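The structure under discussion is supplied below as structure tokens; questions concerning it will follow.
The values are calculated or read from the model by the stated rules, or taken from the named source; none is laboratory data. Computed from a prediction, not measured in an experiment: that's the story for all the values here. We place every Cβ from the backbone using ideal geometry, glycine too, and count neighbours over all the protein chains shown.
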Amino acid sequence: MSDLKSEQSGQAAREAGAPKKLFIKTYGCQMNVYDSERMAEALGGQGYEPTEDMAQADMILLNTCHIREKAAEKVYHELGRLRPLKDAKPDLKIGVAGCVAQAEGEEIMRRQPLVDLVVGPQSYHRLPQLEAKAGKGGKAIDTDFPEEDKFEHLVARPKARRAPAAFLTVQEGCDKFCAFCVVPYTRGAEVSRPVDRVLGEARDLVERGVREITLLGQNVNAYHGEDAKGRTRTLAQLIWALNEIDGLERIRFTTSHPNDMSEDLIEAHGTCAKLMPYLHLPVQSGSDHILKRMNRSHTAESYLRVIERIRAARPDILLSSDFIVGFPEESDADFEATLELIREVRYGQAYSFKYSSRPGTPAAERALVDEGAASERLARIQALLTEQQREVQDEMIGREVSVMFERKGRHEGQMVGKSEYLHAVHVGDNPAQVGDIRRVRIIGSTTNSLRGALI
Ligand code: SAH
Ligand code: SF4
Ligand code: F3S
């Protein structure tokens, strides 16, 4: 809608002090989803309210991801497409946040001059000042890793109702330095939020209707936050404290590193009622030579032993992972070892990626494997993972699960929710409300979801 009439009314609304509109597009991991919510809140204090319609926006923020090559290219492509909007509305502010902002910094403004604001993931609490500077026609950029903690400086949340499932970031950054990965550079060193802050935020979410919380961190199982008595607490101890919150029914966490799967965390999967039986535990490769060159500091064998211990604690747990194929030096035999590991574990779900060389990471110096071979390996690994996913889904048929309903389905009377195993479950003729948790019998399986009937 860019006809003259709507523009005039938009102008009039702004002059009358009506809220400005903010459009945020989020790429990448769940931590970016969480950050986008926090940025919307920070800018709420500046008179912005969210819009789903980019054409209505007074500010457009792209919250970006830098993990693979195409991710950054997509951002530049998307920025190019904003040109007509900016031409039609010169007051429109365009900002780039997230990991591309951190990695590229000023380069973004050089390559795409229509950008007014660049803000790195650790500086979101400074958005109001940055917005003010950009509002006066300046270029605003902040990619520091400030001393102060962004979480403590973000404005208090409005007490609006929330969807029943929420993310809560408890840990940020990473000290692992896998040879392929940009995260330690874009998100900085590993930091854990204090226990009380996490519990306070969780209670606040529950008061606003949240029943399931997913604890987030690039390396979430390395969590080591301080409690009120100054003691360092593990992720398992944090989960046990969350387990005490009335009204919170489900707890999940992601993403974990195999080396940080401590005994207390493994045990909690068998004993903590609210901790859901799903674990995303990326292994990347099944070849010890490649794992070593990736600087993963675990072997295929040590990973399999961790899986064994988790399954001993919680036999029905659904396992998920990430894989990279075509990492420098990966031979056919290395790749076969990865397929072998997959067969041995049997995943319910997994992500696989073709290696993408990231400037500034150690592996970027190394020779690439043949592109055709890498593509073929990606197709093969995906075929195997899809087959396993289908088998695991098919085995659910006839079983009873508990489903938390999150939204209406496409068909009349249908509701869609998640089982404890994180399967999407569609239930027809369903009187349940959003947020209800009900027992459901699984009656069918499709590509990426299950069908169920209320019991
Ligand atoms: N902190 C998490 C997530 C890291 S990013 C972890 O440690 O697992 C998510 C996934 O992206 C990684 O697990 C990895 O499989 C993939 N990835 C990261 N860097 C990559 C690169 N340069 N090329 C291809 N895939 C990559
Ligand atoms: Fe990246 Fe490795 Fe850290 Fe995960 S553990 S964020 S893959 S460096
Ligand atoms: Fe991407 Fe940054 Fe997350 S690179 S995966 S948005 S931590």
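Would you pick out the residues in the stretch 285-297 that are crowded, with 19+ Cβ neighbours inside 10 Å and either closer than 20 Å to Gly217 by Cα or not assigned by TED's automatic domain parsing to the domain that holds Ala236 (or both)? First the steps, then the outcome.
Going through the stretch 285-297, the residues crowded, with 19+ Cβ neighbours inside 10 Å turn out to be 285-287, 290-291, 293-294, 296.
Of everything in the stretch 285-297, just one residue is crowded, with 19+ Cβ neighbours inside 10 Å and either closer than 20 Å to Gly217 by Cα or not assigned by TED's automatic domain parsing to the domain that holds Ala236 (or both), namely Arg296.
Which condition from (1) among the aliphatic types (A, V, I, L, M); (2) modelled with pLDDT of 95 or more; (3) under 17 Å from the mean Cα position of the chain (by Cα) is the one that Ala71 breaks?
Failed condition: (2).
Of the residues Val100, Val96, Val75, which is within 16 Å of ligand 3 (Cβ to nearest atom), over 21 Å from Phe353 (Cβ atoms) and either surrounded by fewer than 19 Cβ atoms within 10 Å (Cβ to Cβ) or outside the structural domain of Gly188 (by TED's automatic domain parsing) (or both)?
On the way: Val100 fails: over 21 Å from Phe353 (Cβ atoms); Val75 fails: over 21 Å from Phe353 (Cβ atoms).
Just a single option satisfies the conditions, and that option is Val96.
Which of the residues spanning the stretch 34-47 are in contact with a strand residue (DSSP E or B) (Cβ under 7 Å, 6 or more places away or on another chain), more than 11 Å from ligand 3 (Cβ to nearest atom) and under 15 Å from His125 (Cα atoms)?
Met39, Ala40, Leu43, listed by residue number.
Then there's this: Could you please find all residues in the stretch 280-296 being within 10 Å of ligand 1 (Cβ to nearest atom) and farther than 14 Å from Leu339 by Cβ? Don't jump to the end; show me each part of the working.
If we filter the stretch 280-296 for residues that are within 10 Å of ligand 1 (Cβ to nearest atom), which is where we start, we get 280-285, 294, 296.
Of everything in the stretch 280-296, those that are within 10 Å of ligand 1 (Cβ to nearest atom) and farther than 14 Å from Leu339 by Cβ turn out to be His280, Leu281, Pro282, Met294, Arg296.
Can you confirm whether Glu395 is acidic (Asp, Glu), without any contact (Cβ under 8 Å) to a residue 24 or more places away in the chain and closer than 25 Å to Cys174 by Cβ? Break it down into steps so the answer makes sense when it comes.
Details: acidic (Asp, Glu): yes; without any contact (Cβ under 8 Å) to a residue 24 or more places away in the chain: yes; closer than 25 Å to Cys174 by Cβ: no.
Criteria not met by Glu395.
Can you name the residue in the stretch 301-358 that is acidic (Asp, Glu) and in contact with a Phe, Trp or Tyr (Cβ under 9 Å, 6 or more places away or on another chain) and, of all such residues, is surrounded by the most Cβ atoms within 10 Å (Cβ to Cβ)? Give the derivation first.
Narrowing the stretch 301-358 to residues acidic (Asp, Glu): 301, 308, 316, 322, 329-330, 332, 334, 336, 340, 344.
The next check asks that each one be in contact with a Phe, Trp or Tyr (Cβ under 9 Å, 6 or more places away or on another chain); those that pass are 316, 322, 330, 334.
Working: Asp316: 9, Asp322: 14, Glu330: 24, Asp334: 21.
Result: Glu330.
Any idea which residue in the stretch 121-153 is modelled with the lowest pLDDT, counting only those that are buried (at least 18 other Cβ atoms within 10 Å of the Cβ) and basic (Lys, Arg)?
Lys150
Can you find even one residue in the stretch 273-284 that is surrounded by fewer than 18 Cβ atoms within 10 Å (Cβ to Cβ) and closer than 29 Å to Glu201 by Cα? Don't jump to the end; show me each part of the working.
The first filter runs over the stretch 273-284 and keeps only residues surrounded by fewer than 18 Cβ atoms within 10 Å (Cβ to Cβ), leaving 273.
Now restrict to residues that are closer than 29 Å to Glu201 by Cα: 273.
The answer is yes; a qualifying residue exists.
Identify, from the list Val118, Val100, the residue that is in contact (Cβ under 8 Å) with a residue 24 or more places away in the chain, under 24 Å from Asp53 (Cα atoms) and touching a Phe, Trp or Tyr at 6+ places or on another chain (Cβ under 9 Å). Spell out the reasoning first.
Details: Val118 fails: touching a Phe, Trp or Tyr at 6+ places or on another chain (Cβ under 9 Å).
When all the criteria are applied, what remains is Val100.
Within the stretch 220-245, which residues are crowded, with 18+ Cβ neighbours inside 10 Å and charged (D, E, K, R)?
Hit for the stretch 220-245 is Arg233, nothing else.
Go through (1) in contact with a helix residue (DSSP H, G or I) (Cβ under 6 Å, 6 or more places away or on another chain); (2) of a type in the set (A, V, I, L, M, F, W, C); (3) touching a residue at least 60 places away in the same chain (Cβ under 8 Å) for Ile290 and report which single condition fails.
So Ile290 meets the others, but not (3).
For the stretch 338-371, enumerate the residues that are in contact with a helix residue (DSSP H, G or I) (Cβ under 7 Å, 6 or more places away or on another chain) and among the acidic types (Asp, Glu).
Glu344
Leu265 - would you say it is closer than 30 Å to Arg208 by Cβ, in the same structural domain as Ala179 (by TED's automatic domain parsing) and of a type in the set (A, V, I, L, M)? Lay out the reasoning, then the answer.
On the way: closer than 30 Å to Arg208 by Cβ: yes; in the same structural domain as Ala179 (by TED's automatic domain parsing): yes; of a type in the set (A, V, I, L, M): yes.
Yes: the conditions hold for Leu265.
OK, next. Can we say Asp264 is surrounded by fewer than 20 Cβ atoms within 10 Å (Cβ to Cβ) and not in a helix (DSSP H, G or I)?
Numbers: surrounded by fewer than 20 Cβ atoms within 10 Å (Cβ to Cβ): yes; not in a helix (DSSP H, G or I): no.
For Asp264, the condition - surrounded by fewer than 20 Cβ atoms within 10 Å (Cβ to Cβ) and not in a helix (DSSP H, G or I) - is not met.
Please note which helices (runs of 4 or more DSSP H) are completely contained in the stretch 47-144 and include at least 1 residues that are within 16 Å of ligand 2 (Cβ to nearest atom). Write out each step before concluding.
Numbers: elements: 69-81, 83-88, 98-104, 107-111, 127-135.
Result: 69-81, 98-104.
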